[in-house]
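As structure tokens, the structure follows; a few thoughts come after it.
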Amino acid sequence: MHPDFEAIYNNLISLLQDDIPELCELSPSGRNYQPFPKMRKVHHFEWGFPGHGAIKKYFMIQIHFENDKEETNLYYLNKVIVNKEKIENETGEGVIIEEHWDPGEKYASRMYIKKDISKYGNNLLSEDFLQWAKRTTLIFYKNVNGLL
């Protein structure tokens, strides 16, 4: 059974709307990923449950750089990498950097936190998960968005 993506994203938006007001512009579609409103043409923040099929093993908080020019994506990626260690220290989570990640867009780059969600089972609306996602999103967003 697929998690109720729309309910999860609506809860997160509600929890974060005072801290990240632009999230109020979101209207969750129920897909397994939810982009934030775009701040610029070349990047966007996103929540997601990667993979195909009903079982989702991970939740990701990420920023994508998807310009059609590799040097532009790497320029912006390098701007945010400077806060990688700070994000890791504040969240207690590892931050992953991929200079080339999407085979369909060979120049795309991203930085993200990937959380194993298996301990939550089908309860991704639990207070524990939602508070973790809120706190981690806020730290990630504040440490990245201010650099762009």
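The values are calculated or read from the model by the stated rules, or taken from the named source; none is laboratory data. As the structure is a prediction and not an experimental result, all values here were calculated from the model. Note that each Cβ is placed from the backbone with ideal geometry, even for glycine, and that neighbours are counted across all protein chains shown.
Whether a residue is farther than 21 Å from Phe36 by Cα and without any contact (Cβ under 8 Å) to a residue 12 or more places away in the chain was assessed, and Glu70 does not pass this test. Considering only region 9-54, state which residues are among the charged types (D, E, K, R), modelled with pLDDT of 85 or more and touching a strand residue (DSSP E or B) at 6+ places or on another chain (Cβ under 9 Å). The one that is among the charged types (D, E, K, R), modelled with pLDDT of 85 or more and touching a strand residue (DSSP E or B) at 6+ places or on another chain (Cβ under 9 Å): Glu46.
Consider region 81-94. How many of its residues are in a loop (DSSP other than H, G, I, E, B), out of contact with any strand residue (DSSP E or B) (no Cβ under 9 Å at 6 or more places or on another chain) and in contact (Cβ under 8 Å) with a residue 24 or more places away in the chain?
Counting residues in region 81-94 that are in a loop (DSSP other than H, G, I, E, B), out of contact with any strand residue (DSSP E or B) (no Cβ under 9 Å at 6 or more places or on another chain) and in contact (Cβ under 8 Å) with a residue 24 or more places away in the chain gives 2.
Taking every residue in region 132-147 that is surrounded by fewer than 17 Cβ atoms within 10 Å (Cβ to Cβ) and pairing it with any residue that is assigned to a helix (DSSP H, G or I) and basic (Lys, Arg), at least 6 positions away or on another chain, the pairs with Cβ-Cβ distances below 9 Å are Leu147/Lys79. Return yes or no: is Gly121 modelled with pLDDT of 90 or more and at positive phi? Here the answer is no, as Gly121 does not meet what is asked.
Of the numbered criteria (1) at pLDDT 70 or above; (2) under 21 Å from Asp116 (Cα atoms); (3) surrounded by 14 or more Cβ atoms within 10 Å (Cβ to Cβ), the one Lys57 fails is (3). For the structure I just gave you, tell me whether Glu6 is surrounded by 14 or more Cβ atoms within 10 Å (Cβ to Cβ), acidic (Asp, Glu) and at pLDDT 90 or above. Criteria not met by Glu6. Residues considered: Asn143, Asn122, Asn78. Of these, the only one that is in a helix (DSSP H, G or I), of a type in the set (S, T, N, Q) and over 18 Å from Phe36 (Cβ atoms) is Asn78. Does region 96-148 hold any residues that are out of contact with any helix residue (DSSP H, G or I) (no Cβ under 8 Å at 6 or more places or on another chain), within 21 Å of Glu85 (Cα to Cα) and charged (D, E, K, R), and which are they? Matches in region 96-148: Glu98, Lys114, Asp116, Lys142.
The condition of being assigned to a strand (DSSP E or B), under 30 Å from Ala7 (Cα atoms) and without any contact (Cβ under 8 Å) to a residue 24 or more places away in the chain holds for only one of Ile97, Ile61, that being Ile97.
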